[in-house]
Amino acid sequence: MYKALLVSLLCLCVVMLFTCKDKTKPPAPGELTHISYRPKPYPYNLPEGFPRFEVPKDNPGTVEGVSLGEKLFFDPLLSADNTMSCSSCHFPHLAMTDKKARSTGIDGKEGIRSAMSLINVAYYREGLFWDGRVKTLEEQALLPVEDSVELHNSWDEVLNRLKKHSEYPALFRKAFGISSIEEMDKYLAVKAIAQYERSLISGNTKFDRFRRGEAVLSEEEMRGYELFFDASPDLPDAECGHCHNAPLMTTNEYLNNGISEAFTTEDFTDKGYGLITGNPLDNGKFRVPSLRNIILTAPYMHDGRFKTLEEVIEHYNSGGKHGPNVSPLIRPLNLNEVQKRQLIAFLETLTDPNFTQQN
Amino acid sequence: MRKILIILISLPIFIASSCDKDPEMEVVGDVEIIFRANYDGELFLTQKDYEYIPDMSIKFSTFDLYVSNISLLKEESSTDESELVEIDFVDLSFDINQQSRAEEGDTVFTKKVPAGSYKGFKIGFGVPADLNRTSPNDYGSGDVLATSSHYWAPLDSYIFSKIEGFVDKDNDGIYETSEGEGFTFHLGRDEVYTERIIFPSDPIVVEDGQKLEIYIDIDVKKLFNMPIDQFDTNDDNLLDIEVYDGAHGNQEEELIIAKQLMRNYSEATLLEQ
């Protein structure tokens, strides 16, 4: 009995010794299993009164994933000549936009549309981009790297650089538990970027605090709020809230807000949503953008045609231009100068200090 | 010990009795409810011209509504109801390029109901008060009550139904946004919620394991009836849309109009099996 016990104990020691020795051995080239993989769920802290958003089952947010995504988002390694990153068009201090009417890529080529703010982008389940042509953030993040008017690179080249990098392999391991460098691929890279983008939640504007009963709007801002949401029977309805509804300041619908004159559905230079649905009656419709941080994101509209908010208000006040599918909510508003100022004062309460600072 | 014995003996009895219930529960049928819209009998399409009153045409851009508390009633007077739908959203804004989809209509999600013969069909137009106390923020994205385009924060109410479009006021053949020819009826608030019970001439018969299709046809023109001798055009009992071109629910006048339009859903609705 004793003997048997002794023998087995001895065997155990030998086995343990072997495994010990194994651990001290340097990992095979490309192997990452020596790095710990203990992902922590990312706390998407939703502001009070905000709806929930869907997170894809195969890409739940983790602290490690979000931080890898953030690093990738700001890394010029993604572009062919190492000069531009996602953040070159989506600046954090400009509510993730770029102050240009139309964005310019690494070769100085201009795209056809204005960069979009990425705050609260997790909520846009009705499609991404001005025309809704992409469904998920993961799918979207694949595109800028190879787009000729954006980063104009190839994913093969980006992965080459990431695999050779001194930090990325370990960060991919920590975020996704891969066991070797060979498992690093573009799908994991975009998953991380998407996780970071989902973390860009804005719910700390003066208007949010007003809604939570933590701030008071000035007289001017309050009148602007009432005009915007048709909240007072004594003031005209500026109709804005029907399309730019709280708390996201958009309903995410695709609509024509009457900025382009068109007599037939073929007259729109940029067909927008119609190109995606194939229905000519959707030509000239674009996704209603959020108005959060709107004072920081000039110029305005999908092609940046309006330089100031004053021009935007003039447009809406005039009743817009003729078009075959303009929303009937676009109509002459007959606002006076004071009311126009009040509307802008309200728009100024939509600035979230979390998205005004340089990183 | 005695306890264990008792449990052991009663267990088979319990299992047997729950088994018994099974066959009875299976006597259920499916009911599919399909909503379709027409304008005075003609297929309803958005972006299409219809005559509103002589010399004034109308063109719609949006027509949708929440339907709720849909159930089948065993007897005319009974409270014995089988619920089919608690709440759903019906979007009938199909445009002139989507004619076949408009003909098919919009089907709402329904539950299985016990097979049998039913005399009444109950339907609510709008969001009933208990649900209207909630807001889109209470739902996950994808839920019918999560759409912020149909919620009015300042009034704490869902928009039960949206009817939007244009009327050619000056009869020049062009619908002008900039000349204020648009109309937007956003109908909502508890006061305008409407419920109706329809008693079809033939009872609604749900058969075991079968699918029954019930069509609900809504005549959009009838929604504009103004029997109250107010807000109507001179010679028709139709809302004078030229003057009253919107109802967003926060003015006294608008609320009266909204109530009437929602009430009109009862008259405008026809059930077909």
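The values are calculated or read from the model by the stated rules, or taken from the named source; none is laboratory data. Owing to the predicted nature of the structure, the values given are computational and were not obtained by experimental measurement. Cβ placement follows ideal geometry from the backbone for every residue including glycine, while neighbour counts extend to all protein chains displayed.
Overview of results
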{"item": "Residues of the range B:129-138 satisfying the condition of being at the interface with another protein chain (Cβ under 7 Å from one of its Cβ atoms) and under 18 Å from B:LEU187 (Cβ atoms)", "result": "B:PRO136"}
{"item": "Subset of the range B:235-273 that is polar (S, T, N, Q) and out of contact with any Pro (no Cβ under 6 Å at 6 or more places or on another chain) - its residue that is farthest from A:PRO236 (Cα to Cα)", "result": "B:GLN273"}
{"item": "A:ASP234 vs. criteria of a type outside the set (S, T, N, Q), more than 14 Å from chain B (Cβ to nearest Cβ) and assigned to a loop (DSSP other than H, G, I, E, B)", "result": "no"}
{"item": "When residues of the range B:170-184 are limited to those that are over 20 Å from B:PRO54 (Cβ atoms) and touching a residue at least 24 places away in the same chain (Cβ under 8 Å), the one nearest to the other protein chains (Cβ to nearest Cβ)", "result": "B:GLY182"}
{"item": "Number of positions in the range A:101-136 that are more than 14 Å from chain B (Cβ to nearest Cβ), on the phi < 0 side of the Ramachandran plot and touching a residue at least 24 places away in the same chain (Cβ under 8 Å)", "result": "21"}
{"item": "Residue list for the range A:147-177, restricted to those being among the charged types (D, E, K, R) and surrounded by 17 or more Cβ atoms within 10 Å (Cβ to Cβ)", "result": "A:GLU150, A:ARG173, A:LYS174"}
{"item": "Unmet requirement for B:ASP138, which otherwise passes all of (1) of a type in the set (D, E, K, R); (2) modelled with pLDDT of 95 or more; (3) more than 15 Å from the chain's Cα centre (by Cα); (4) closer than 30 Å to A:PHE210 by Cβ", "result": "(2)"}
{"item": "Residue ranges of strands (runs of 3 or more DSSP E) in the range B:33-125 with at least 1 members within 14 Å of chain A (Cβ to nearest Cβ) and closer than 22 Å to B:ILE241 by Cα", "result": "B:49-53, B:56-73"}
{"item": "Residues (surrounded by 13 or more Cβ atoms within 10 Å (Cβ to Cβ) and free of Cβ contacts under 8 Å to residues at least 12 places away in the same chain) located in the range A:35-52", "result": "A:ARG52"}
{"item": "Of all residues in the range A:178-231 being among the small types (Gly, Ala, Ser) and buried (at least 23 other Cβ atoms within 10 Å of the Cβ), the one that is modelled with the lowest pLDDT", "result": "A:SER202"}
{"item": "Looking only at the range A:61-94, and only at residues there that are within 28 Å of A:ASN245 (Cα to Cα) and in a loop (DSSP other than H, G, I, E, B), the one that is nearest to the other protein chains (Cβ to nearest Cβ)", "result": "A:GLY61"}
{"item": "Matching residues in the range B:58-100 - criterion: being over 10 Å from the mean Cα position of the chain (by Cα) and aliphatic (A, V, I, L, M)", "result": "B:ILE58, B:LEU72, B:LEU73, B:LEU84, B:VAL85, B:LEU92, B:ILE96"}
{"item": "Residue match in the range A:264-272 (condition: closer than 22 Å to A:GLY132 by Cβ and under 22 Å from the mean Cα position of the chain (by Cα))", "result": "yes"}
{"item": "Qualifying residues in the range A:320-337 (those that are more than 8 Å from chain B (Cβ to nearest Cβ) and in contact (Cβ under 8 Å) with a residue 24 or more places away in the chain) - the one nearest to B:GLY173 (Cα to Cα)", "result": "A:LEU333"}
{"item": "Residues within the range B:107-119 that are at pLDDT 90 or above and surrounded by fewer than 20 Cβ atoms within 10 Å (Cβ to Cβ), tallied", "result": "7"}
{"item": "Output for the range A:287-319, where each listed residue is touching a Pro at 6+ places or on another chain (Cβ under 9 Å), assigned to a loop (DSSP other than H, G, I, E, B) and within 11 Å of chain B (Cβ to nearest Cβ)", "result": "A:GLY319"}
{"item": "Yes/no for A:ALA231 being hydrophobic (A, V, I, L, M, F, W, C) and in contact (Cβ under 8 Å) with a residue 24 or more places away in the chain", "result": "no"}
{"item": "Members of the range B:139-154 that are in a helix (DSSP H, G or I) and more than 8 Å from every other protein chain (Cβ to nearest Cβ)", "result": "B:VAL144, B:LEU145, B:HIS150"}
{"item": "The range A:273-307 - residue that is polar (S, T, N, Q) and in contact with a strand residue (DSSP E or B) (Cβ under 8 Å, 6 or more places away or on another chain) and, of those, nearest to A:MET249 (Cα to Cα)", "result": "A:THR297"}
{"item": "Close pairs from the range A:150-176: first in the same structural domain as A:THR83 (by TED's automatic domain parsing) and at pLDDT below 95, partner surrounded by 21 or more Cβ atoms within 10 Å (Cβ to Cβ) and in a helix (DSSP H, G or I), Cβ under 7 Å, at least 6 apart", "result": "A:GLU150/A:PRO144; A:LEU151/A:LEU78; A:LEU151/A:PRO144; A:LEU151/A:VAL145; A:ASN153/A:LEU78; A:ASN153/A:VAL145"}
{"item": "Top-ranked residue of the range A:119-145 - restricted to ones that are aromatic (Phe, Trp, Tyr) and touching a helix residue (DSSP H, G or I) at 6+ places or on another chain (Cβ under 9 Å), ranked as surrounded by the most Cβ atoms within 10 Å (Cβ to Cβ)", "result": "A:TYR124"}
{"item": "The range A:174-212, subset β-branched (Val, Ile, Thr), in a loop (DSSP other than H, G, I, E, B) and within 20 Å of the chain's Cα centre (by Cα), residue farthest from A:PRO51 (Cα to Cα)", "result": "A:THR205"}
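Conditions (1) at pLDDT 80 or above; (2) under 31 Å from the mean Cα position of the chain (by Cα), marked per residue:
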{"site": "A:MET16", "(1), (2)": "no, no"}
{"site": "A:CYS20", "(1), (2)": "no, no"}
{"site": "A:GLY30", "(1), (2)": "yes, no"}
{"site": "A:PRO41", "(1), (2)": "yes, yes"}
{"site": "A:VAL63", "(1), (2)": "yes, yes"}
{"site": "A:ASN82", "(1), (2)": "yes, yes"}
{"site": "A:CYS86", "(1), (2)": "yes, yes"}
{"site": "A:LEU94", "(1), (2)": "no, yes"}
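Table: residues versus (1) surrounded by 21 or more Cβ atoms within 10 Å (Cβ to Cβ); (2) within 20 Å of B:GLY165 (Cβ to Cβ); (3) at pLDDT 95 or above.
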site	(1), (2), (3)
A:GLY274	yes, yes, yes
A:PRO280	no, yes, yes
A:THR297	yes, no, no
A:GLU311	no, no, yes
A:HIS315	no, no, yes
A:HIS322	no, yes, no
A:LEU347	yes, no, yes
